[in-house]
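Structure first, then comments.
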Amino acid sequence: MEAGDIYLGLLIVQFASSGLVFFVLMFFSAPYGKHSRKGWGPSMGSRSAWLVMELPAIIVIVIVFMIFMESLTPVNIVFLSMWEMHYIYRTFIYPVYMRGSKRNFPLLLVVFAFLFNCLNGYLNGYFLATYGSELSLSWFYSIPFLAGSVIFFSGMLLHVRSDGIIRSLRGTGEKGYKVPRAGPFKYISNPNYLGEIVQWWGWALLTFSLAGLAFAVFTTANLFPRAISNHRWYREHFEDYPDDRKIIIPFVY
């Protein structure tokens, strides 16, 4: 089987799995974080789990890119740099600053996330190495790249800022959850998820790729139901939770 056929086949797998993930998570909250519960077998500490889950996203895309690279161009270098910027934050910086992170993380979920990041890294790495190599410098002046880059970095800024607000709620050694009220949390319960969803739709646009689109669809399918679960959890556990706060889209939903 040709590499291109494998790429297309795996794209179908990722699009199809997005639908399955969305359906399952709309009725079932993944058992980590505030939704943690017993009965899920062996577990890991949250920091180490996060490192193991996210590391393939950094490594696999580079390996695949080097294997299939047709030419090294400014465009695919910029694409790869933007990808790595996000995942260096998610893999190394975010876990270090997690507070109250001793809660166990099911090993089963770690394995699923690890495999997904291998798949996603392969798809995006193959795109960057092949189709991405065909893009000339004029791509930097195209509407998809310019608009997508603005969306990408806006989403990343929202994501990182929201993580920081959540982290600041706990002092050293503190456990438990508090209601975030600063910044974008005034309007929605899950600005961190909104930021990540926006970021990867920006990626899909700036790369103008099926691999990017598949990732954006999967991210939405994964985080949108999680946002609903989080919003419901806050309402159930905090009587003073703001009634006018939306779930994930300001003033809308």
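Tabulated data
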quantity	calculated
Residue match in the stretch 114-127 (condition: of a type in the set (G, A, S) and either loosely packed, with under 15 Cβ neighbours inside 10 Å or over 19 Å from M66 (Cα atoms) (or both))	no
Hits in the stretch 81-97 (condition: over 16 Å from the mean Cα position of the chain (by Cα) and without any contact (Cβ under 8 Å) to a residue 60 or more places away in the chain)	S81, V96
Conditions (1) in contact (Cβ under 8 Å) with a residue 40 or more places away in the chain; (2) part of a helix (DSSP H, G or I); (3) more than 16 Å from the chain's Cα centre (by Cα): number failed by S29	(2)
Top-ranked residue of the stretch 56-73 - restricted to ones that are touching a helix residue (DSSP H, G or I) at 6+ places or on another chain (Cβ under 6 Å) and assigned to a helix (DSSP H, G or I), ranked as surrounded by the most Cβ atoms within 10 Å (Cβ to Cβ)	I61
Every pair of residues 6+ apart whose Cβ atoms lie under 7 Å, when the first sits in the stretch 134-153 and is of a type in the set (A, V, I, L, M, F, W, C) while the second is exposed (fewer than 14 other Cβ atoms within 10 Å of the Cβ)	L137/P74
Residue within the stretch 171-182 that is part of a helix (DSSP H, G or I), polar (S, T, N, Q) and under 19 Å from Y97 (Cβ atoms) present	no
Test: residue in the stretch 71-91 that is within 28 Å of G9 (Cα to Cα), modelled with pLDDT under 95 and aliphatic (A, V, I, L, M)	yes
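The values are calculated or read from the model by the stated rules, or taken from the named source; none is laboratory data. Being a predicted model, the structure only gives us computed values, none of them experimental. Neighbour counts run over all protein chains shown; Cβ positions are idealised from the backbone, glycine included.
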